[in-house]
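A quick write-up on the structure given underneath.
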Amino acid sequence: MLKMLNIGTHKQFLKGRTVLFRNNRPITYEGIVPYKTNWFGLVDLQMAMWDIDKLANTIDLERPWSHKNAAKWDSMTVQNYMDTMYTGLGRDMIELFCQTVYSQEPSQISFLFLLLGIKSAGGVTNLVETEGGAQDSKIDGGAQQIPNKLLDHLNALNKSGPSGGSLFEIKYNHVASEITKIKTGYEVTTRDGSVFFCNYIIIAIPPTLCSHIHYNPPLPSMRTHLCQRIPMGSIIKVNMFFKTRFWRERNLAGSFVSASNDITEYPLTLGYDGTTICGLVSFFAGYSAVYWSGRPKEERIEASKKQYAIMFDVPLDFVNEQFLGYEEKDWTMDEFSTGAYSGVMAPGVLSIYGPALRTPIGDIHFAGTETAKHWLGYMSGAIESGERAASEVLEKIKNTN
């Protein structure tokens, strides 16, 4: 899609050493393996990654609930799996994986759901690698370029109607509040009282937000209960701006991960060089985001600066002198997402309610990254799901005509 819309990308800055901030002290390393840590822990971690990849490869992306061990794995949390590991380092790194990829704690995530997500991305390594992996590149101008360019594309198509008229109209700031089945299709009411009539509906919002819409008649129990059981992850994204990229002068890439620390003291879970900005992009993830969302913004700023100073081995006064500004987005407080990056399933959801994820209800169809078969939880998965749902509707229209 990026190529179709003529949107460019640029590589994430990687030159230098990465910081593993664990037990309140920094360890620097090159590559993806913190080799200066306990080798027994690294072996434990590698064995777990191989095992998880092996199990994930047995999952059917179309029907993960059909696996012979689906009920067993869906009764487990990732924490239950971690408890079988041998070292604190190994467990800490799997915990960090859950926080950075799913923005939830291991005790909140179904092991079956974890395996599905890993299979959908082609393996654990694809999810954690920067170079060649999920964090390899950024979109020029930001991800907002995608909907903006799509809008330009749609506006161009819209001028091709009969006698130069419009084929359709895009409505902004019309929040759907009710969907009613009528004889000729559906009636959609928005929060401002506007009413629209249609033959088909595609709902492409997170499942948890589907519960905010009133349906008449009510959706089947399977779908209703599914939507009640897929909360969003918890993320606060932070951009901190500095006068210079002082970490580069110390042969540091600006990238870091933080494990097994006191989150009330050191809240940042991961971060990286801003690449196109003179600053650092960081995240409060999982419980850290929940805890710090309720704190004043000034406290988040000061705690972040303190953590940067310790991780990059510079005086706090130096960080304060370099500091220029701070911008944040608390996704947990966003009305139209209630969290990020996507919905995450707890135990007992996927194996029981999973079949309702993509199944249309009448002429109501469902999209969204949570319904994707590949790159579940990512933008690529969202695009795939939209193409699938659109194809379903187009097939119905073709058969009707």
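The values are calculated or read from the model by the stated rules, or taken from the named source; none is laboratory data. Just so we're clear, the structure is a prediction, and the values are computed from it rather than from any experiment. Cβ atoms come from the backbone with ideal geometry, glycine included; neighbour counts cover every protein chain shown.
Going by what's in this entry, would GLU169 be described as acidic (Asp, Glu), modelled with pLDDT of 80 or more and farther than 25 Å from PRO231 by Cβ? Working first, answer last.
Numbers: acidic (Asp, Glu): yes; modelled with pLDDT of 80 or more: yes; farther than 25 Å from PRO231 by Cβ: yes.
In short, yes.
Among the residues of the range 60-99, write down those that are buried (at least 22 other Cβ atoms within 10 Å of the Cβ) and β-branched (Val, Ile, Thr).
Answer for the range 60-99, where residues must be buried (at least 22 other Cβ atoms within 10 Å of the Cβ) and β-branched (Val, Ile, Thr): VAL78, ILE94.
Pairs needed: first member in the range 311-324, loosely packed, with under 12 Cβ neighbours inside 10 Å; second member anywhere, at pLDDT 95 or above and aromatic (Phe, Trp, Tyr); C-beta distance under 7 Å; at least 6 residues apart or different chains.
Pairs found: LEU324/PHE241; LEU324/PHE242.
Any residue that is part of a loop (DSSP other than H, G, I, E, B), in contact (Cβ under 8 Å) with a residue 60 or more places away in the chain and of a type in the set (S, T, N, Q) - is there at least one of those in the range 133-142?
Going through the range 133-142, the residues part of a loop (DSSP other than H, G, I, E, B) turn out to be 133-136, 140-142.
From what is left, the residues that are in contact (Cβ under 8 Å) with a residue 60 or more places away in the chain are 134-136, 140-141.
From the residues that got through so far, the ones that are of a type in the set (S, T, N, Q) too are 135.
Yes, there is a match, as at least one residue in the range 133-142 is part of a loop (DSSP other than H, G, I, E, B), in contact (Cβ under 8 Å) with a residue 60 or more places away in the chain and of a type in the set (S, T, N, Q).
Find all pairs meeting these conditions: Cβ atoms under 6 angstrom apart; at least six residues apart or on different chains; first residue within the range 339-356 and touching a residue at least 60 places away in the same chain (Cβ under 8 Å) and under 13 Å from GLN104 (Cβ atoms); second residue surrounded by fewer than 22 Cβ atoms within 10 Å (Cβ to Cβ) and of a type in the set (Gly, Ala, Ser).
PRO347/SER75
Kindly provide the set of residues from the range 140-166 that are at pLDDT below 80 and touching a helix residue (DSSP H, G or I) at 6+ places or on another chain (Cβ under 7 Å), ordered by number.
Once the filter is applied, which keeps residues that are at pLDDT below 80 and touching a helix residue (DSSP H, G or I) at 6+ places or on another chain (Cβ under 7 Å), the range 140-166 yields only SER166.
Taking helices (runs of 4 or more DSSP H) that fall entirely within the range 38-86, which contain at least 1 residues that are modelled with pLDDT of 95 or more and in contact with a His (Cβ under 9 Å, 6 or more places away or on another chain)?
Correct list: 70-74.
List every residue pair whose Cβ atoms lie under 8 Å apart, where the two residues are 6 or more positions apart in sequence or sit on different chains, the first residue falls within the range 35-51 and is under 26 Å from GLY122 (Cα atoms), and the second residue, located anywhere, is polar (S, T, N, Q).
Going by the 8 Å Cβ cut-off, the qualifying pairs are GLY41/THR87; ASP44/THR87; LEU45/THR87; MET49/THR125.
Limited to the range 271-308, what total is found for residues that are over 21 Å from the mean Cα position of the chain (by Cα), without any contact (Cβ under 8 Å) to a residue 40 or more places away in the chain and surrounded by 17 or more Cβ atoms within 10 Å (Cβ to Cβ)?
1
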